[in-house]
1. Report, by residue number, each residue of region A:99-120 that is hydroxyl-bearing (Ser, Thr, Tyr) and either out of contact with any strand residue (DSSP E or B) (no Cβ under 8 Å at 6 or more places or on another chain) or modelled with pLDDT of 95 or more (or both).
2. Taking the residues in region A:79-104 that are of a type outside the set (A, V, I, L, M, F, W, C) and assigned to a helix (DSSP H, G or I) as candidates, determine which candidate is surrounded by the fewest Cβ atoms within 10 Å (Cβ to Cβ).
3. Filter region A:12-52 down to residues that are more than 13 Å from chain B (Cβ to nearest Cβ) and polar (S, T, N, Q) and give me whichever is nearest to B:Phe70 (Cα to Cα).
4. With under 22 Å from A:Gly15 (Cβ atoms), surrounded by fewer than 15 Cβ atoms within 10 Å (Cβ to Cβ) and modelled with pLDDT of 95 or more as the only criterion, which of B:Thr33, B:Thr54, B:Thr15 stands out?
5. So which residues in region B:31-58 are in a loop (DSSP other than H, G, I, E, B) and more than 14 Å from every other protein chain (Cβ to nearest Cβ)?
6. Which one is most open to solvent (accessible area, probe 1.4 Å) among residues in region B:67-86 that are more than 10 Å from every other protein chain (Cβ to nearest Cβ) and touching a helix residue (DSSP H, G or I) at 6+ places or on another chain (Cβ under 7 Å)?
7. Take the residues in region A:124-162 that are away from chain B (no Cβ under 13 Å), polar (S, T, N, Q) and out of contact with any Leu (no Cβ under 6 Å at 6 or more places or on another chain), then tell me which one is surrounded by the most Cβ atoms within 10 Å (Cβ to Cβ).
8. Mind counting the residues in region A:48-63 that are in contact with a helix residue (DSSP H, G or I) (Cβ under 7 Å, 6 or more places away or on another chain) and either assigned to a strand (DSSP E or B) or not small (Gly, Ala, Ser) (or both)?
Amino acid sequence: MSIVLFRIDDRLIHGQVVEGWLNYIDVDILLLANDTVANDVMQRTLMEMAIPQEIEIFIDSVNNIIKVYSKLDLKNKNIMILVASPKDAYRLVDAGIYLPSINVGGIHFSSGKAQILEFISVDENDCKYFHLLSDKGVKLDGRPLPSSEKIDILKDVCRYESIKGSEK
Amino acid sequence: MSIAILLICHRQMATYLKDTAVNLSGVQKNFETIGVLPIDGIESTMDKITLSLTKIDSHIKNILVFVDIFGGTPCNAAAKFFRGKTNITTDIITGVNLPMILIAIAIRGNAKNFGEFLGSVKEEAKKNIISLKDLNLL
């Protein structure tokens, strides 16, 4: 068993994931861990329908995905993990679902966040969990698509924090 | 019955599709476009939908939403936005193409029934995907 992609993307399953990543990597099982979507039948259905039929998909809360992961027969399977936030990524990593490099594919702007890259906006909580992931030895590979240039998100997070710190 | 059209696509696709449709069919009222940019998520796309609806005549209760691809952010945001809105009758059609926009423009003025109108639009969309090789023209 191996995790072939661990991605943070607040849009979860959308065009970039289906057209960009799933055509590029070989995935047998997709584990989508999100507490909101787990309880939203419409969003779940849209996401389940959007991915190719040959991929088995589990959409559940973060805690349940951790349980599913420990029970599934994942032998010889390529696994993709998808979460919406650095916090949810950390919850999985902390439970032992680990990949040395996590793809940060998109965290979109909303009020209270600051845009640090075209596709990444963060608040203090996001920064905190990026640091915690980094402390676990995880590299943060920022790029929307497999063909995009890899950006070390931690550098941008630190630069943002130093600018924000100097404003105080 | 009046029907409004809302076209939501990634990037500039909606703007250019409408521009092309208008070039062929003439200036359109109650036809709004939204571009979903790399910085947009589902929430900001829903905000853009709210803004677009303010530009549509308030008496119009039937809205046909076209989106570029099933499962993309335009589709997911529109689904989330319109679900449970009881004051608007709507459908979201994915995989928008120029023929389906042109037919929607052409027949929306005389449509008597929103369901039949949708049926005609979907039929026209599929009918217009034609391989010239299959027709022995190549």
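1. A:Ser101, A:Ser111
2. Here the answer is A:Asp94.
3. Residue satisfying both the conditions and the ranking: A:Asn23.
4. On the way: B:Thr33 fails: surrounded by fewer than 15 Cβ atoms within 10 Å (Cβ to Cβ); B:Thr54 fails: under 22 Å from A:Gly15 (Cβ atoms).
Result: B:Thr15 is the single residue among B:Thr33, B:Thr54, B:Thr15 that is under 22 Å from A:Gly15 (Cβ atoms), surrounded by fewer than 15 Cβ atoms within 10 Å (Cβ to Cβ) and modelled with pLDDT of 95 or more.
5. B:Thr54, B:Lys55, B:Ile56, B:Asp57, B:Ser58
6. Going through the qualifying residues, I end up with B:Phe81.
7. If we take residues in region A:124-162 being away from chain B (no Cβ under 13 Å), polar (S, T, N, Q) and out of contact with any Leu (no Cβ under 6 Å at 6 or more places or on another chain), then A:Asn125 is surrounded by the most Cβ atoms within 10 Å (Cβ to Cβ).
8. 6
The values are calculated or read from the model by the stated rules, or taken from the named source; none is laboratory data. All of these numbers come straight from a predicted model, not from anything done at the bench. Quick reminder, even Gly has a Cβ in these numbers, built from the backbone with ideal geometry, and neighbours come from all protein chains shown. Please note that ligands, DNA and RNA were not included when accessible areas were found on the heavy atoms of the full protein model with its side chains. Shrake-Rupley method; radii C 1.70, N 1.55, O 1.52, S 1.80 Å.
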